[in-house]
Structure formats: C-alpha cells, structure tokens
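Everything on this sheet refers to the single structure shown next.
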Amino acid sequence: EAQVTQNPRYLITVTGKKLTVTCSQNMNHEYMSWYRQDPGLGLRQIYYSMNVEVTDKGDVPEGYKVSRKEKRNFPLILESPSPNQTSLYFCASSRQGASGELFFGEGSRLTVL
Amino acid sequence: KNQVEQSPQSLIILEGKNCTLQCNYTVSPFSNLRWYKQDTGRGPVSLTIMTFSENTKSNGRYTATLDADTKQSSLHITASQLSDSASYICVVSAVNSGYALNFGKGTSLLVTP
C-alpha cells in the first residue's frame with residue numbers, strides 16, 4: 001500500500017529537549033516536504049527536498065532542521081524545541097515535485113511544555 | 001505576493017443538500033490548483049488537480065471548476081453526506097516557483113443529520 005508514515009503520532013516534550021520526527025514514503029517519490037498546521041493559519045511549509053541531499057527552506061524554517069540522506073526518508077529535527085513549536089506536523093511526498101499530487105502522512109501532534 | 005483566499009471560513013449544511021466552496025487566488029503565473037479534503041486529525045487527501053486549460057473536473061460527488069481569467073475556483077459538493085464533514089483546502093502552485101506551494105486556510109464544512 002502506497003503511504004507516507006510519520007512517527008511519533010503524538011509527543012509531549014519539554015523545552016530544549018532535542019527530538020526528531022521521522023517520515024518515510026514507499027512510493028519512490030523524489031519530492032518530500034514538511035508542514036505545520038496551526039488553528040487559523042492553515043498549512044505552512046517548513047522545509048522541502050527535491051531529491052537526495054537537496055533541501056531548501058519553506059516559509060517557516062526557523063527552529064527546524066532536515067536531512068535527506070535516502071530517497072524514502074525525510075526526518076524533521078527540532079534541536080531545541082520551544083513552546084511556539086507546539087503544532088500538528090505533516091510530511092508529504094510527490095512524484096512530480098510541488099506540481100504533482102501530494103500524498104500526506106497522518107500527522108504528528110507535538111506539544112512542547 | 002501570492003495569496004489564496006477561501007470562503008466561507010466555515011459552513012453548516014443539512015445532509016442531502018448541495019454546497020459550494022470558493023477559492024480566489026493571486027498566484028501568478030498559474031500552474032495548477034488542487035483541492036484537498038482533510039478529516040479532523042488526519043492528513044489531507046487530494047480531491048482534484050486542475051491545470052490552466054481545465055474548466056471543470058469531477059471526482060464522484062465533488063466537482064471543481066476553474067476560471068483562470070478571474071483567478072477563481074469553486075468546489076461543489078452534491079447530495080452531501082455526513083462523511084463530507086471536513087476541512088477543504090485549496091492549494092495553488094505557480095510556474096517556475098521552484099517547489100513552493102500556496103495554501104488557503106481552508107473551509108470547515110459540517111454536515112448535520
């Protein structure tokens with residue numbers, strides 16, 4: 001089954017404790033991206049990757065890092081989480097870059113205390 | 001600045017009724033427009049993707065229209081069902097925009113018995 005898998009789905013952590021949200025897709029897509037979704041603000045792009053070892057900033061990259069060492073994986077790293085990073089995070093992938101249909105993961109709800 | 005505006009922000013309709021959601025955009029030059037359905041707490045799922053030359057596209061009870069001249073799109077839902085209760089998100093991409101997307105904030109639809 002074609003899917004985008006995120007882990008963890010739910011996480012409560014404390015300020016400053018480094019965490020990683022993993023994202024994996026099994027569709028051999030070149031394009032992957034991360035979004036955060038906050039009430040009243042909609043989906044906002046954090047980072048995206050056009051292919052292995054190629055990443056770029058989206059609209060709200062501050063406080064986040066990403067890496068793309070393998071085609072299927074695109075982890076989101078919060079080096080020193082802060083309460084304003086409490087949000088619902090989505091990973092997505094596409095066969096045709098940003099112009100193609102995006103396949104989203106189920107989301108990761110992160111709370112930073 | 002590229003923007004995507006959706007209206008109404010929220011909508012309540014009776015089961016079995018039809019409804020129309022609106023999306024206006026200023027994204028230029030236009031590449032494509034997509035509508036996504038997002039159930040509460042889940043990842044968005046693609047409903048339709050429309051390019052410049054397409055005026056109408058249907059997916060079951062969902063019909064999207066596009067007027068590239070006025071930069072407007074609508075999503076019409078026919079004979080609504082309780083399962084249509086969700087947020088509907090309009091996403092527009094521009095030609096040569098790199099890999100960035102422009103997201104609307106969504107319309108929250110509630111279908112009641």
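No lab work stands behind these numbers, since they all come straight from the coordinates. These numbers were taken from a predicted model, which means no experiment stands behind them. Neighbour counts run over all protein chains shown; Cβ positions are idealised from the backbone, glycine included.
Under a crude label model (7 Å from the Cα following the beta-carbon direction), how far is A:Lys69 from A:Asn28 in nanometres?
It is 2.4 nm.
Considering only B:Ser58, B:Ser83, B:Ser73, give the residue with the highest GNM mean-square fluctuation for chain B, with springs between Cα atoms whenever their separation is below 10 Å.
Ranking B:Ser58, B:Ser83, B:Ser73 by mean-square fluctuation puts B:Ser83 first.
For chain A, just say rounded, prolate or oblate: build the C-alpha gyration tensor, square-root its eigenvalues into a ≥ b ≥ c, call rounded for a/c under 1.5, and beyond that prolate if a/b exceeds b/c, oblate if not.
Because a/c hits 1.5 or more and a/b exceeds b/c, chain A counts as prolate.
To make sure I understand, if each residue's beta carbon is the centre and we count other beta carbons within 10 Å, what order do B:Phe103, A:Phe90, B:Phe52, B:Phe30 fall in, fewest to most?
Numbers: B:Phe103 22, A:Phe90 25, B:Phe52 12, B:Phe30 19.
Listing B:Phe103, A:Phe90, B:Phe52, B:Phe30 from fewest to most nearby Cβ atoms yields B:Phe52, B:Phe30, B:Phe103, A:Phe90.
State to the nearest 20 debye the size of the charge dipole of chain B about its Cα centre, where the only charges are +1 on K and R beta carbons and -1 on D and E beta carbons.
Roughly 160 debye for chain B.
Holding the Cα-Cα limit at 24 Å, pick out from A:Lys17/A:Lys65; A:Lys57/B:Lys57; B:Lys37/B:Lys71 the pairs that are longer than that.
A:Lys57/B:Lys57
Using 1/(1 + (r/R0)^6) with R0 = 22 angstrom and r between the beta carbons of A:Ser80 and B:Gln9, what's the FRET efficiency to the nearest 0.05?
Computed FRET efficiency for A:Ser80 and B:Gln9 comes out at 0.05.
Taking only Cα atoms and a 10 Å spring cutoff, compute GNM fluctuations for chain B and point out the largest among B:Ser53, B:Ser93, B:Ser74.
Highest fluctuation among the options: B:Ser53.
How much length would be gained if the chain were fully extended between B:Thr26 and B:Asn59, taking 0.36 nm per residue of separation minus their Cα-Cα distance, in nm to one decimal?
Gain on extension, B:Thr26 to B:Asn59, equals 9.4 nm.
Taking 7 Å along the Cα-to-C-beta vector as the label spot, tell me the B:Val45-A:Arg109 distance in nanometres, rounded to one decimal.
Here the modelled spin labels are 2.0 nm apart.
Going by C-beta contacts inside 10 Å, put A:His29, B:His76 in order with the fewest on the left. Please list the in-between numbers first.
Details: A:His29 22, B:His76 15.
Going from least to most buried by this count: B:His76, A:His29.
Using Cα-only point scatterers and the Debye equation, what is log10 of I(q)/I(0) for chain B at each q in 0.11, 0.17, 0.22, 0.23 Å⁻¹, rounded to two decimals?
For the requested q values the scattering log ratios are -0.32, -0.75, -1.21, -1.30.
At a temperature of 10 °C and a viscosity of 1.306 mPa s, determine how fast the protein assembly as shown diffuses translationally according to Stokes-Einstein, using the Kirkwood radius over alpha-carbon pairs as Rh; express D in µm²/s, rounded to the nearest whole number.
88
Considering every residue in A:96-106, what mean count of other chain Cβ atoms within 10 Å of its Cβ is obtained? Numbers along the way, then the final one.
Values: counts 1, 3, 10, 11, 5, 7, 9, 4, 7, 2, 3.
Per residue, the average neighbour count from other chains is 6.
Mind telling me which of A:Pro81, A:Pro39, A:Pro61 comes out most flexible in a GNM of chain A, alpha-carbon contacts under 10 Å?
Answer for the Gaussian network model of chain A: A:Pro39.
Arrange the following residues from fewest to most other Cβ atoms within 10 Å of their Cβ: B:Met50, A:Met50, A:Met32, A:Met27.
So the residues, fewest neighbours to most, are A:Met27, A:Met50, B:Met50, A:Met32.
Counting Lys +1, Arg +1, Asp -1, Glu -1, what net charge surrounds A:Phe104 among other residues with beta carbon under 13 Å of its beta carbon?
+1
Only four residue types carry charge here, +1 at the Cβ of Lys and Arg and -1 at the Cβ of Asp and Glu. Report the dipole size of the protein assembly as shown about the Cα centre in Debye, rounded to the nearest 20.
Once rounded to the nearest 20, the dipole reads 420 debye.
What is the mean number of Cβ atoms from other protein chains located within 10 Å of the Cβ atom of each residue in peptide B:28-35, rounded to a whole number?
1
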